[in-house]
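> Below: one structure in structure tokens.
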Amino acid sequence: MRLTHPPSDTSFARSLRIQLRVIGALLMREIVTRYGRDNLGFLWVFVEPMLFTLGVTALWTAAGANHGSSLPIVAFALTGYSSVLLWRNMPGRCAMAIPPNMGLLYHHNVRVMDLFITRILLEFAGATVSFAVLSALFITIGWMEAPVDTLEVFFAWLLLAWFGASLAMIIGALTAYSEMAERLWHPTAYLLFPLSGAAFMVEWMPRQFQELLLYLPMVNGVELLRNGYFGTAVRTHFDIPYTVSVCLVMTLIALALVRDASSRVEIE
Amino acid sequence: MIQLENVSKSYSTRQGPRMILDGINLQVAKGQKIGILGRNGSGKSTLIRLISGAELPTSGKVRRGISVSWPLAFGGAFQAYLTGLDNLRFVCRIYDVDYHSVVSFVEEFTELGLYLREPVLHYSSGMRARLAFAISMAIEFDCFLIDEVIAVGDSRFHEKCHTELFEKRKDRALILVSHDPNVISAQCDSACVLSNGKLHSFDHVDEAYAFYLASDL
């Protein structure tokens, strides 16, 4: 029952083991807290985003009979809305993640960063499984074709996740300074949705808007994703080096903010 | 060994930054029992939070060469929607302790029976305290932090806590924070007084108490 590792051993491998153990424990705690053990239990992690995506796909299909493009609407809705879930839910969950979990910091292996990583992983898993399962389902029943370039879809998905994760850490850390960050995040997320490229292709926009839109990292991500899905059936616009650079800078800002926010946390 | 090197902590308030701890140095060796006396608002709890690692110092270093508990009987980390056993399971995972090896101890010590399978939400404060103390004892630490002595529960519960902590684990180090010198002299080898953000160390509890009485706030 004694703690087996000598505490003086601070090797990277040991730190990594502790980190993984802590995140594993936090994941279990978060899932059981959020969804309980009754009915579907942890499956809600995947079912919840699937219901969202199904609903939006159904709505867009019903409304999209004349959306001015020859693109198959089911595939268009699935790629678009899944992407939104991926980058938008991570910041939503990380905003104000610290206050309800402050007591956990008394376990000194639990750090503020772990709280964020846990929530980011959970949202990533939910959105990814939802996207994969619904794609497989729609392809099987013939509502859409298989992606032209799966590897490109995969890469675009990771790029969107990276953007979402760094944004989540920034928003989460900012809420430690002021609750205003959360209040501002909600309208921002709401307003970004129509601009995010989920419901349109950049190609459809007037040329002067195209350039502006491509400043948004998630627009690049969704375009890349659709390039992988539809191949030459669509004309896509994206700039991978630009998107990666933005994500890199955002990650650096996020790490610095989380570090500073951690030292400011005041318990009770 | 726990080492605090020149540790300071200030909080930002509406009146500007307020220094709570100012250049604290403290060493606690394995098995050593130290009492910290201080009046209300002298920064005792802040010091405990820094030693436990819950908060980080504004400057200086806290080194923990031995495993340090969270403040004993602290129930603030309970997730109210989870059952008592789920909360135990979580803490076991964090500290890499086998859940099955401690669950019978927790059942026996808390005497909560079926309530352990109910959300902590439905517990009375006494029941929470019993669970919190039992979980603190289920994980073995080299040093226990005690922020004021457990004030809830009946005398039988106090008796049990006393046995578990001060008798069965008398080989462990202890940092006990209190404004009651009697508690400290009963359990500690030496004592410090926290006043105006400074920590004054004394070899004997009596000297510390004399200083504590003389130090006028």
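The values are calculated or read from the model by the stated rules, or taken from the named source; none is laboratory data. The structure displayed is predicted, hence computed values, not measured ones. All Cβ positions, even for glycine, are placed from backbone atoms using ideal geometry, and neighbour counts span all protein chains on display. What goes into the accessible areas is simple: the full protein's heavy atoms, side chains included, and nothing from ligands, DNA or RNA. Shrake-Rupley method; radii C 1.70, N 1.55, O 1.52, S 1.80 Å.
> Going 7 Å from the Cα of A:T150 toward and past its Cβ, which residues in segment A:34-55 have a backbone nitrogen under 19 Å from where you end up?
none
> Would you please give the FRET efficiency between B:R18 and A:F12, computed as 1/(1 + (r/R0)^6) with r the Cβ-Cβ distance and R0 = 45 Å, to the nearest 0.05?
0.75
> Once you have a ≥ b ≥ c as the square roots of the Cα gyration tensor eigenvalues for the protein assembly as shown, tell me rounded if a/c is under 1.5, and otherwise prolate or oblate according to whether a/b is larger than b/c.
prolate
> Let's see if you can work this out: charge +1 on each Lys and Arg Cβ, -1 on each Asp and Glu Cβ, no other charges. What is the dipole magnitude of segment B:1-64 about its Cα centre, in debye to the nearest 20?
So the dipole magnitude of segment B:1-64 works out to roughly 160 debye.
> How would you order A:87-97, B:8-18 from highest to lowest mean count of nearby Cβ atoms within 10 Å?
In decreasing order of mean packing, A:87-97, B:8-18 become A:87-97, B:8-18.
> Which value, in debye to the nearest 20, describes the size of the charge dipole of chain A about its Cα centre when Lys and Arg Cβ atoms bear +1, Asp and Glu Cβ atoms bear -1, and nothing else is charged?
Once rounded to the nearest 20, the dipole reads 560 debye.
> In the protein assembly as shown, if the dipole is taken from +1 on Lys/Arg beta carbons and -1 on Asp/Glu beta carbons about the Cα centre, which of B:L176, A:Y229, A:L257 is farthest to the positive end?
The listed residue farthest towards the positive side: A:L257.
> Here is a further query. Along the charge dipole of segment A:7-264, pointing to its positive end and built from +1/-1 on Cβ of Lys, Arg, Asp and Glu, which listed residue (A:V84, A:S11, A:P72) has its Cα farthest out?
A:S11
> Over the heavy atoms of A:M50, what accessible area does a 1.4 Å probe trace out, to the nearest 10 Å²?
40
> Using the Cα gyration tensor of segment A:153-220, with a ≥ b ≥ c the square roots of its eigenvalues, what is the shape: rounded (a/c below 1.5), prolate (a/b larger than b/c) or oblate (neither)?
It comes out oblate by the Cα gyration axes.
> Still on this structure, please answer the following. Taking all protein chains together and a probe of 1.4 Å, list B:I139, A:I73 from the most accessible to the least accessible.
Order by accessible area, largest first: A:I73, B:I139.
> Okay, next question. Tell me what chain A gives for mean residue ellipticity at 222 nm when only DSSP H runs of n ≥ 4 count, each as -39,500 (n - 2.57), the sum divided by the residue total, rounded to 500 deg cm²/dmol.
One gets -24000 deg cm²/dmol as the mean residue ellipticity at 222 nm.
> A follow-up question, please. Could you work out the mean count of beta carbons from other protein chains within 10 Å of each residue's beta carbon in B:94-100?
5
> Here is a further query. Loop only by DSSP, 15 or fewer other Cβ within 10 Å of the Cβ. Give me the chymotrypsin sites (Phe, Trp or Tyr not before Pro) in segment A:147-225 that pass, ordered by residue number.
Within segment A:147-225, the qualifying chymotrypsin sites (Phe, Trp or Tyr not before Pro) (loop, at most 15 other Cβ atoms within 10 Å) are A:Y215.
> Under a 10 Å cutoff between Cα atoms, tell me which one of A:L159, A:L192, A:L224 has the largest fluctuation in the Gaussian network model of chain A.
Of A:L159, A:L192, A:L224, the Gaussian network model singles out A:L192 as fluctuating most.
> Next up: Report, in debye and to the nearest 20, how large the dipole of segment A:180-268 comes out about its Cα centre when Lys and Arg carry +1 and Asp and Glu carry -1 on their Cβ.
220
> Specify the angular offset, from 0 to 90 degrees and rounded to the nearest 10, of the alpha carbon long axis of helix A:217-230 from the longest principal axis of the alpha carbons in chain A.
Tilt of helix A:217-230: around 50 degrees.
> List the GluC sites (Glu not before Pro) in segment A:102-171 that DSSP assigns to loop (not H, G, I, E or B) and whose Cβ has at most 15 other Cβ atoms within 10 Å. Which are they?
Counting only loop positions with at most 15 other Cβ atoms within 10 Å, the GluC sites (Glu not before Pro) in segment A:102-171 are A:E145.
> Which of rounded, prolate, oblate describes segment A:7-264, given a ≥ b ≥ c as roots of the alpha-carbon gyration tensor eigenvalues and a/c under 1.5 marking rounded, otherwise prolate only if a/b is larger than b/c?
Verdict is prolate for segment A:7-264.
> Taking springs between alpha-carbon atoms closer than 10 angstrom, which of B:R64, B:R89, B:R117 fluctuates most in the Gaussian network model of chain B?
Most flexible of the set in this elastic network: B:R117.
> Okay, next question. For helix B:99-110, report the angle its Cα long axis makes with the longest principal axis of the Cα atoms of chain B; keep it between 0 and 90° and round to the nearest 10°.
Taking the Cα atoms of chain B, the angle to B:99-110 is about 80 degrees.
> Treat each spin label as a single point 7 Å out from the Cα along the C-beta direction, and report the B:N182 to A:R264 distance in nm.
It works out to 4.5 nm between the two label points.
> How much of the accessible area of the protein assembly as shown, probe 1.4 Å, is carbon plus sulfur, in whole percent?
Looking at the protein assembly as shown in its full context, I get 59 percent from C and S.
> Using Cα pairs under 8 angstrom and six or more residues apart, how large is the relative contact order of segment A:7-264, in percent?
24
> Starting from the 7 Å offset along Cα-to-Cβ, what nm value, one decimal, do you get for the label separation of A:L248 and B:V103?
Taking the simple label geometry, A:L248 and B:V103 are separated by 5.0 nm.
> Along the Cα→Cβ direction, 7 angstrom out, place labels at A:L255 and A:T140. What is the inter-label distance in nm?
4.1
> Another question about this same structure. Going down the list B:K30/B:K160; B:K9/B:K160; B:K44/B:K160; B:K9/B:K33; B:K160/B:K198, which pairs span over 28 Å between their C-alpha atoms?
B:K9/B:K160; B:K160/B:K198
> Looking at A:L195, B:L82, A:A63, which one has the Cα that reaches farthest to the positive end of the dipole of the protein assembly as shown (charges on Cβ: Lys, Arg +1; Asp, Glu -1)?
A:L195
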